[in-house]
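Contents: one structure, followed by commentary.
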Amino acid sequence: MNYQELQEAVAAYTHRKDLEPVFSIFMQNATNRIGRDTTLMELENTGTFYPDIEGEPIPLPTNYMRMVTVETDSPHGLVSLEYFSPNQFSNLVLTGGRAYAYTIINNEIVTKPAASTLTLVWLEKPARLENNADTNIILTNWINLYFYGFLVEAYVFLQNAPALEAALQIYMAEVKACNKQADAARHSGASLVMRGPS
């Protein structure tokens, strides 16, 4: 499915072709909602990063959306760092040795003590859908997630509370299903089985 086909499906379902001028807003809001609510492995990426200057913060990866794990080197291999909010982090007193804690400030990862290298696993933002032929990995593999996420935004705009409640229930069921599958795959190492349209 591409962006145009999704718009046509939503217009047909809502019987509101006049909503086309605001579809781009619905799409952006739905994409952001899906990014917040899901832990899809399709969006997961990993990499090793180094500060430009030793002891300085490390910039977040391009297209970063949410962190999964932060690890650093130790004599026993990679070890995970614990996340603290910026306020909690400012009160931590950790000196010497490897990094134990991290926070995110101004799109940079700050660790205590300072880390010379970080191995990150993070979720990327889904590719934006702007042109009719556009698609992305979520729309390709999780059509219902996007369809009902789009409907949620449409019914918020239309102030149709009963329809919004129904669409939100189905959307959250899709979120639960895809997160369950992603978590199972992470723990088992099994391949994902994509959900098609229902």
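The values are calculated or read from the model by the stated rules, or taken from the named source; none is laboratory data. From a predicted model like this one, the values you see are computed outputs, not experimental measurements. Note: ideal-geometry Cβ built from the backbone for every residue, glycine included; neighbour counts use all protein chains shown.
Can you find a residue in region 131-152 that is touching a helix residue (DSSP H, G or I) at 6+ places or on another chain (Cβ under 7 Å), polar (S, T, N, Q) and assigned to a helix (DSSP H, G or I)? Yes, some residue in region 131-152 is touching a helix residue (DSSP H, G or I) at 6+ places or on another chain (Cβ under 7 Å), polar (S, T, N, Q) and assigned to a helix (DSSP H, G or I). Just to be sure before I move on: is Glu71 charged (D, E, K, R), over 15 Å from Gly149 (Cβ atoms) and crowded, with 17+ Cβ neighbours inside 10 Å in the structure I sent? Judged against the criteria, Glu71 is a match. On the stretch given as region 1-46, residues that are out of contact with any strand residue (DSSP E or B) (no Cβ under 9 Å at 6 or more places or on another chain), among the charged types (D, E, K, R) and either in contact (Cβ under 8 Å) with a residue 24 or more places away in the chain or surrounded by 14 or more Cβ atoms within 10 Å (Cβ to Cβ) (or both) total 5. Considering only residues that are of a type in the set (Asp, Glu) and closer than 30 Å to Ala166 by Cβ, look in region 107-145 and name the one that is surrounded by the most Cβ atoms within 10 Å (Cβ to Cβ). Top of the filtered list is Asp134.
Reported count of residues in region 5-55, each being more than 26 Å from Lys180 (Cβ to Cβ) and outside any helix (DSSP H, G or I), is 11. Determine which single condition Ile104 fails, assuming it passes every other condition in (1) assigned to a loop (DSSP other than H, G, I, E, B); (2) surrounded by 13 or more Cβ atoms within 10 Å (Cβ to Cβ); (3) among the β-branched types (Val, Ile, Thr). Tallying (1) assigned to a loop (DSSP other than H, G, I, E, B); (2) surrounded by 13 or more Cβ atoms within 10 Å (Cβ to Cβ); (3) among the β-branched types (Val, Ile, Thr), Ile104 fails exactly one: (1).
Answer yes or no: is there a residue in region 169-180 that is surrounded by 13 or more Cβ atoms within 10 Å (Cβ to Cβ) and more than 14 Å from Thr38 (Cβ to Cβ). Yes - at least one qualifying residue is present in region 169-180. Taking (1) over 17 Å from the mean Cα position of the chain (by Cα); (2) at pLDDT below 90; (3) not assigned by TED's automatic domain parsing to the domain that holds Val152 in turn, Lys17 satisfies each apart from (3).
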